[in-house]
Amino acid sequence: MTDVKNVSTISAESAQLIIAAADEAALVQAQLRFAIAVVDHAGVLKVIVRQDGAKLNAVQVAQDKAYTAAASQMSTEQWSKALASDAVLAAGAPTGIDRLVSMGGGLPIVIDDEVVGAIGVSGGHWSDDVRVATAGLTALDRSQNGLGEGRGS
């Protein structure tokens, strides 16, 4: 038994790479502007960008989507499905779980089967947010060159 546990977390370099790719993908949506946040394994903010013109509340929502995905180790879209299919969970989770966001746009960052952080995106329809978040994770996949999965689940 040991008193110390080593925990893997997203590096600042990888978080920046994810943000840059997501930001670039978001610019394709000419009418929309996004806030994009990456948090570490514990849900603590690592990097955030608020595109010019993004609504102020998008910043908080993006951070909370990322927090939800990291803390629960599942996408915010999965939360939406779980709440829709379970009345008891739907009644208790939104008020009982701090910072829970159940609309798509929050994805865990998984490397070598371990959640090392999460990305959260807010600014468009939740499906737009998912697309932008996925673009960020895809860039991490490419940079890993087979060294890890780097994908959201």
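Read-outs throughout are calculated quantities, based only on the coordinates presented, and are distinct from any laboratory measurement. This is a predicted model, so every value here is computed, not measured. A quick note on method: Cβ atoms are made from the backbone with ideal geometry, for glycine too, and the neighbour counts reach across all protein chains shown.
Sequence-ordered 3J(HN,Hα) estimates for the stretch 71-88 from the Karplus curve with 6.51, -1.76 and 1.60 and θ = phi - 60° stand at 5, 8, 6, 8, 5, 5, 5, 4, 4, 4, 5, 5, 5, 5, 9, 9, 4, 5 Hz, glycine and proline given as x.
The mean sequence separation of alpha-carbon pairs under 8 Å and at least six residues apart, normalised by the residue count of the chain, gives a relative contact order of 27 percent. Model label points for Asp3 and Lys55, set 7 angstrom from Cα along the Cα-to-Cβ axis, are 5.0 nm apart.
For the stretch 1-48, the relative contact order comes to 36 percent (Cα pairs under 8 Å, sequence separation of at least 6). Using bins of 5 Å that start at zero, the share of Cα-Cα pairs per bin across the chain amounts to 2, 11, 21, 23, 18, 13, 8, 4, 1, 0, 0, 0, in whole %.
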